[in-house]
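K.L.:
Quick one: this structure, given as structure tokens, is what I'll be asking you about.
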Amino acid sequence: KYGRAVAYGAAGFIFMNHLPGLLAPTGSLRSGKLGEIPGVGLSYEEGFNLQRWCAREGVTIELHVRNRSARAEAHHVVGEVAGDPGDEIIIVGAHYDGHDISQGAMDDGAGTALLMELARLFAPLAGKLPRTIRFIAFAAEELGVLGSTEYVRMHANETGDWALMVNLDSGVGPGPHGFTLNGFVELLPILDGFSKDMGHPLTITDRIATAADNFPFFLAGVPAINLQARKWDLRAGRGYGHTAADTLDKVAEIDLKASAAVMARVLLRLAGYEGKLGRHRSRGEIRQMLIDQNLERPLRAQGKWPF
């Protein structure tokens with residue numbers, strides 16, 4: 001929406017939360033660069049009043065914003081459980097940064113806690129699994145997926161060894177548990193088989209997520225999936241995510257335990273699976289996958305179309 005506002009010559013951008021609760025939303029405007037015009041977030045209630053005022057004739061809106069931007073350095077935290085022979089690598093990731101208006105407890109403190117618990121559980125299995133598992137806590141996701149994008153760029157010569165990337169962002173919640181395939185539909189029968197073997201249902205969907213740490217891996221042609229632990233409801237959007245209400249009280253201990261239990265069982269099977277986990281895609285195939293899911297126009301508007 002911000003990109004389209006810029007393209008049509010807007011002088012400023014106001015994003016109104018569509019959910020009541022006096023919660024003003026925040027987020028990044030551009031990926032890897034400064035926004036061209038001022039952008040602010042308003043609560044539903046503030047936006048409602050503003051719409052009423054703007055219905056009158058002769059109303060002008062002025063934005064007075066105090067912003068600053070500075071260069072900074074961030075670091076990923078990486079831990080690895082070596083496999084034997086370990087030629088193929090499964091990357092499991094979550095981002096540990098959050099927006100400064102809240103604790104970022106669900107987005108993505110909970111995912112980072114899940115990542116650390118999985119690393120703890122699998123550490124004793126070093127040298128006992130066919131595939132290596134690399135756990136990465138990514139930095140700078142909320143600024144436009146910068147951290148994982150840079151990681152993939154810096155390790156471009158390794159992508160052929162990456163069998164799969166599993167993103168844990170949004171992987172903690174009341175359920176149901178499952179995965180988004182990001183177009184790598186060949187993983188569907190594998191995950192269905194795991195589900196039957198575990199005796200635990202997994203909800204599988206196929207939607208390409210373009211604003212999370214799976215996306216740079218996807219663009220490099222690496223099979224990438226996202227753990228999900230809640231029903232996706234377009235009417236609710238991200239709920240209290242990216243607002244001041246994303247606080248520790250929203251994280252239920254039972255949800256953390258359930259996600260850890262489910263993901264650990266799936267990851268153990270992924271690490272020991274005898275066949276190929278997924279097929280790497282060419283650059284042309286990735287482009288077509290994005291087009292097939294009607295993502296070219298929104299990505300162009302965001303300045304993120306890479307072709």
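K.L.:
Going Cα to Cα from Lys231, which lysines come in below 22 Å? Please leave out same-chain ones fewer than 8 positions away.
P.N.:
Lys196, Lys250, Lys257
K.L.:
Here's a follow-up. Working out 0.36 nm times the residue gap between Arg238 and Leu125, then minus their Cα-Cα distance, what length gain in nm do you get to one decimal?
P.N.:
37.1 nm
K.L.:
Suppose R0 equals 35 Å. What FRET efficiency, 1/(1 + (r/R0)^6) with r the Cβ-Cβ distance, do Asp84 and Lys257 give to the nearest 0.05?
P.N.:
0.75
K.L.:
Which whole-Hz couplings ³J(HN,Hα) result when phi for each residue of region 137-147 is put into the Karplus expression 6.51 cos²θ - 1.76 cosθ + 1.60, θ = phi - 60°, listed in order with x for Gly and Pro?
P.N.:
Result, ordered by residue: 8, 7, 9, 6, 7, 6, 8, x, 6, 6, x Hz.
K.L.:
Using each residue's phi in region 9-23, evaluate 6.51 cos²θ - 1.76 cosθ + 1.60 at θ = phi - 60° and report the 3J(HN,Hα) Karplus result to the nearest Hz, with x for Gly and Pro.
P.N.:
x, 5, 8, x, 9, 10, 9, 9, 4, 8, 10, x, x, 6, 10
K.L.:
Among 163-170, 70-77, 224-231, 202-209, what's the highest-first ranking by average C-beta atoms within 10 angstrom per residue?
P.N.:
Descending packing order for the listed peptides: 163-170, 224-231, 202-209, 70-77.
K.L.:
Residue-wise, which Karplus ³J(HN,Hα) couplings in Hz belong to region 171-186, taking 6.51 cos²θ - 1.76 cosθ + 1.60, θ = phi - 60°, and x for glycine or proline?
P.N.:
x, 10, x, x, x, x, 7, x, 9, 9, 8, 6, x, 8, 5, 5
K.L.:
Towards the positive end of the charge dipole of the chain, with charges on Cβ (+1 Lys, Arg; -1 Asp, Glu), say which of His99, Gln293, Ile136 has the farthest Cα.
P.N.:
Farthest towards the positive end: Gln293.
K.L.:
Compare the peptides 148-155, 61-68, 17-24 by average per-residue count of other Cβ atoms within 10 angstrom and give them in order, highest first.
P.N.:
The densest-packed peptide leads the list: 148-155, 17-24, 61-68.
K.L.:
Further question on the same structure: Antiparallel DSSP bridges in the chain: what percent, to the nearest 5?
P.N.:
Rounded to the nearest five, the antiparallel share is 25 percent.
K.L.:
Run the quick spin-label model on Ala11 and Glu186: label points 7 Å from Cα toward the beta carbon, then report their separation in nm to one decimal.
P.N.:
My value for the distance between the label points is 5.4 nm.
K.L.:
Compute, for the chain, the length of the dipole vector about the Cα centre, with Cβ point charges of +1 (Lys, Arg) and -1 (Asp, Glu) only. Units Debye, rounded to 20.
P.N.:
640
K.L.:
Would you list, by chain and number, the lysines whose Cα falls below 19 Å from the Cα of Lys304, excluding same-chain residues fewer than 8 positions away?
P.N.:
Cross-link targets: Lys1, Lys33.
K.L.:
Separation of region 261-294 and region 26-56 by C-alpha centroid, Å?
P.N.:
Taking the Cα centre of region 26-56 as reference, the centre of region 261-294 is 36 Å away.
K.L.:
Taking amide H atoms as placed 1.01 Å from N in the peptide plane, list the residues 5 or more away in sequence, or in a different chain, whose amide H sits under 5 Å from that of Gly41.
P.N.:
Phe15
K.L.:
Next question, about the same structure. Going by the alpha-carbon gyration tensor, a ≥ b ≥ c the square roots of its eigenvalues, is region 77-288 rounded (a/c under 1.5) or, if a/c is not under 1.5, prolate (a/b greater than b/c) versus oblate?
P.N.:
Because its axes are fairly even, with a/c under 1.5, region 77-288 counts as rounded.
K.L.:
Per the helix-only calculation at 222 nm, which mean residue ellipticity applies to the chain, given -39500 (n - 2.57) for every DSSP H run of n ≥ 4 and division by its residues, nearest 500 deg cm²/dmol?
P.N.:
-9000 deg cm²/dmol
K.L.:
Also, I was wondering about something else. What is region 2-54 by shape, rounded, prolate or oblate, if you read a ≥ b ≥ c off the alpha carbon gyration tensor as root eigenvalues and call it rounded for a/c under 1.5, prolate for a/b larger than b/c, and oblate otherwise?
P.N.:
Cα axes put region 2-54 in the oblate bin.
K.L.:
Moving on to the next point. Could you compute the FRET efficiency for Ile37 and Leu248, with r as their C-beta to C-beta distance and R0 at 30 Å, rounded to 0.05?
P.N.:
0.30
K.L.:
Sticking with this structure for a sec: Given an 8 Å cut-off on Cα distances and at least 6 residues of separation, report the relative contact order of region 2-54 as a percent.
P.N.:
Computed over region 2-54, the figure is 41 percent.
K.L.:
For region 31-119, just say rounded, prolate or oblate: build the C-alpha gyration tensor, square-root its eigenvalues into a ≥ b ≥ c, call rounded for a/c under 1.5, and beyond that prolate if a/b exceeds b/c, oblate if not.
P.N.:
It is prolate, given that a/c is not under 1.5 and a/b is the larger ratio.
K.L.:
At q = 0.17, 0.20, 0.29, 0.31 Å⁻¹, what base-10 log of I(q)/I(0) does the Debye formula yield for region 124-168 when every alpha carbon is treated as an equal point scatterer in vacuo?
P.N.:
Results for region 124-168 at q = 0.17, 0.20, 0.29, 0.31 Å⁻¹ read -0.61, -0.79, -1.17, -1.22.
K.L.:
Rounded to the nearest 20 debye, what is the charge dipole size of region 214-307 about its Cα centre when +1 sits on each Lys and Arg Cβ and -1 on each Asp and Glu Cβ?
P.N.:
Magnitude of the dipole: close to 300 debye.
Computed from the coordinates by the stated procedures, all read-outs in this text should not be read as laboratory data. Owing to the predicted nature of the structure, the values given are computational and were not obtained by experimental measurement. Neighbour counts are summed over all protein chains in view; Cβ atoms, including those assigned to glycine, are modelled from backbone coordinates with ideal geometry.
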